[in-house]
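Here the structure is laid out as structure tokens; the discussion comes afterwards.
The values are calculated or read from the model by the stated rules, or taken from the named source; none is laboratory data. From a predicted model like this one, the values you see are computed outputs, not experimental measurements. A quick note on method: Cβ atoms are made from the backbone with ideal geometry, for glycine too, and the neighbour counts reach across all protein chains shown. The protein model used for the area step is the full one, side chains on, heavy atoms only, and it has no ligands, DNA or RNA in it. Shrake-Rupley method; radii C 1.70, N 1.55, O 1.52, S 1.80 Å.
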Amino acid sequence: MASGDDSPIFEDDESPLYSLEKMTDLVAVWEVALSDGIHKIEFEHGTTSGKRVVYVDGKEEIRKEWMFKLVGKETFCVGAAKTKATINIDAISGFAYEYTLEINGKSLKKYMENRSKTTNTWVLHLDGEDLRVVLEKDTMDVWCNGKKMETAGEFVEDGTETHFSVGSHSCYIKAVSSGKRKEGIIHTLIVDNKEIPEISY
């Protein structure tokens, strides 16, 4: 490809039609927010060929051809923590199918509801880059754009601070009691002495 343009080159056996054909059996797409980022799960189900293909973030994880049983489940892992995910394939009527995603044995909806109780997420723009900071409240692990951060915790007068740095920026998550039993502990992200608002799903 000496011309330097970005036009695709197709060998004799691979016409443009072939590459379009690859995703025609796509039946479901989910976005799952985990501590290491938002992962896209795509599922192809060929009801005539019996094909099942699972993609995580565009990478093929499972491929099965010529499955005679069209219902069932496919289990795989997602993200840095190898979180267990299962796609359930159920027949609803005739040739109609329903596809549901479970994360760690819970429906995606239940998992996300539970996750909003066990994590805090902040999104910010720093040094020309979008950052997603996630605190796992049960372990106090801090993730930034998919990487688990080195942290140092310290007790302060009104609670605790978990310190870490992003590039040349000093950051910490402050944990203070709300004084209300229902609210519990309030976590606040401070970057360069500025409070960053939390996002909610």
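Selection within the stretch 50-60: residues that are open to solvent by less than 30 Å² (accessible area, probe 1.4 Å) and part of a loop (DSSP other than H, G, I, E, B). The member of this set that is modelled with the highest pLDDT is 51.
Within the stretch 97-118, being more than 17 Å from residue 75 (Cβ to Cβ) and of a type in the set (A, V, I, L, M) holds for one residue alone: 112. Of the residues in the stretch 160-179, at least one is hydroxyl-bearing (Ser, Thr, Tyr), open to solvent by less than 60 Å² (accessible area, probe 1.4 Å), closer than 28 Å to residue 82 by Cα and in contact (Cβ under 8 Å) with a residue 24 or more places away in the chain.
State whether one or more residues within the stretch 40-47 are out of contact with any His (no Cβ under 7 Å at 6 or more places or on another chain), open to solvent by less than 30 Å² (accessible area, probe 1.4 Å) and at pLDDT below 90. Steps first, please.
Initial filter on the stretch 40-47 (out of contact with any His (no Cβ under 7 Å at 6 or more places or on another chain)): 40-47.
From the residues that got through so far, the ones that are open to solvent by less than 30 Å² (accessible area, probe 1.4 Å) too are 41-46.
When the remaining residues are screened for being at pLDDT below 90, the result is 46.
Looking for residues that are out of contact with any His (no Cβ under 7 Å at 6 or more places or on another chain), open to solvent by less than 30 Å² (accessible area, probe 1.4 Å) and at pLDDT below 90, one finds at least one in the stretch 40-47, hence yes.
Can you work out which of the residues in the stretch 160-192 that are on the phi > 0 side of the Ramachandran plot and at pLDDT below 90 is nearest to the chain's Cα centre (by Cα)? Looking at the filtered set, the residue picked out is 167.
Name the residue, out of 150, 195, 136, that is closer than 24 Å to residue 82 by Cα, at pLDDT 90 or above and open to solvent by 90 Å² or more (accessible area, probe 1.4 Å). Steps first, answer last, please.
On the way: 195 fails: closer than 24 Å to residue 82 by Cα; 136 fails: open to solvent by 90 Å² or more (accessible area, probe 1.4 Å).
Selected residue: 150, the only one of 150, 195, 136 that is closer than 24 Å to residue 82 by Cα, at pLDDT 90 or above and open to solvent by 90 Å² or more (accessible area, probe 1.4 Å).
Is it the case that residue 110 is outside any strand (DSSP E or B), modelled with pLDDT of 90 or more and exposed (fewer than 15 other Cβ atoms within 10 Å of the Cβ)? Yes, satisfied.
Mind checking which residues of the stretch 134-159 are assigned to a loop (DSSP other than H, G, I, E, B) and within 18 Å of the chain's Cα centre (by Cα)? Even if it seems obvious, please write down each step before you answer.
Residues of the stretch 134-159 assigned to a loop (DSSP other than H, G, I, E, B): 137-140, 145-146, 149-151, 157-158.
Once the filter is applied, which keeps residues that are assigned to a loop (DSSP other than H, G, I, E, B) and within 18 Å of the chain's Cα centre (by Cα), the stretch 134-159 yields 137, 145, 146, 149.
Does residue 131 meet the test of being within 22 Å of residue 57 (Cβ to Cβ), open to solvent by less than 50 Å² (accessible area, probe 1.4 Å) and part of a strand (DSSP E or B)?
On the way: within 22 Å of residue 57 (Cβ to Cβ): yes; open to solvent by less than 50 Å² (accessible area, probe 1.4 Å): yes; part of a strand (DSSP E or B): yes.
Spelling it out, residue 131 is indeed within 22 Å of residue 57 (Cβ to Cβ), open to solvent by less than 50 Å² (accessible area, probe 1.4 Å) and part of a strand (DSSP E or B).
For the stretch 61-82, the count of residues that are open to solvent by 80 Å² or more (accessible area, probe 1.4 Å), in contact (Cβ under 8 Å) with a residue 12 or more places away in the chain and aromatic (Phe, Trp, Tyr) is nonzero.
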